[in-house]
1. Restricting to segment 53-79, name every residue that is in a helix (DSSP H, G or I) and buried (at least 17 other Cβ atoms within 10 Å of the Cβ).
2. Sort through 29, 40, 20 and tell me the only one that's part of a strand (DSSP E or B) and within 24 Å of residue 103 (Cα to Cα).
3. Report, by residue number, each residue of segment 98-118 that is within 13 Å of the chain's Cα centre (by Cα) and over 15 Å from residue 148 (Cβ atoms).
4. What do you reckon, is residue 142 in contact with a strand residue (DSSP E or B) (Cβ under 8 Å, 6 or more places away or on another chain) and over 22 Å from residue 27 (Cβ atoms)?
5. Quick one: what pairs do we get from segment 80-109, first residue on the phi > 0 side of the Ramachandran plot and part of a loop (DSSP other than H, G, I, E, B), second modelled with pLDDT under 95 and loosely packed, with under 13 Cβ neighbours inside 10 Å, C-beta under 9 Å, 6+ apart or different chains?
6. Quick one: in segment 132-152, of everything that is touching a residue at least 12 places away in the same chain (Cβ under 8 Å) and either farther than 16 Å from residue 119 by Cβ or touching a helix residue (DSSP H, G or I) at 6+ places or on another chain (Cβ under 7 Å) (or both), which residue is surrounded by the fewest Cβ atoms within 10 Å (Cβ to Cβ)?
7. Going by what's in this entry, would residue 50 be described as in a strand (DSSP E or B) and exposed (fewer than 13 other Cβ atoms within 10 Å of the Cβ)?
């Protein structure tokens with residue numbers, strides 16, 4: 001299982017006092033309020049930083065990080081990714097999983113046929129879409145609904161699906 005999760009990316013500065021604008025990669029944006037510290041990946045180096053303030057602006061999060069006190073300093077972190085340790089992540093309900101734990105899992109039909117590996121998962125609003133890629137690079141898009149996703153086994157990195165008529 002993945003030890004660290006990417007929860008956002010610093011996409012710009014905000015104002016002149018050193019705030020950074022973060023595009024969140026998490027469903028629960030309020031999680032930033034409880035973190036205290038985050039890891040910022042800059043030039044392949046991971047820097048632990050303390051969060052001083054969290055604000056919201058449209059679909060972005062504005063962070064004031066300790067030690068970044070002006071726009072010039074904040075500009076240096078543009079494009080950097082923000083990570084947290086798995087222990088800082090919120091607890092998920094039964095039957096819910098972190099996307100990072102599913103990516104790379106082998107996908108089999110309920111009849112035992114190998115379809116490929118989970119390459120990506122994205123949300124359409126109504127449900128998730130699982131992108132499964134085979135050895136030749138061919139993609140299959142599967143809706144993340146209970147009629148299709150029969151079992152997700154995180155420990156064994158295996159997803160079992162039922163192919164509804166017309167999916168493939």
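The values are calculated or read from the model by the stated rules, or taken from the named source; none is laboratory data. A quick note: this is a predicted structure, and the numbers were derived from the prediction, not measured. Neighbour counts are summed over all protein chains in view; Cβ atoms, including those assigned to glycine, are modelled from backbone coordinates with ideal geometry.
1. Here is the first cut: in segment 53-79, the ones in a helix (DSSP H, G or I) are 71-75.
Listed by number, the list holds a single entry, 74.
2. Numbers: 29 fails: part of a strand (DSSP E or B); 20 fails: within 24 Å of residue 103 (Cα to Cα).
Matching residue, one of 29, 40, 20: 40.
3. Let us first name the residues in segment 98-118 that are within 13 Å of the chain's Cα centre (by Cα), namely 98-103.
Within segment 98-118, 98, 99, 100, 101, 103 qualify.
4. Values: in contact with a strand residue (DSSP E or B) (Cβ under 8 Å, 6 or more places away or on another chain): yes; over 22 Å from residue 27 (Cβ atoms): no.
When the stated conditions are applied, residue 142 does not pass them.
5. none
6. Here the residue is 147.
7. Judged against the criteria, residue 50 is a match.
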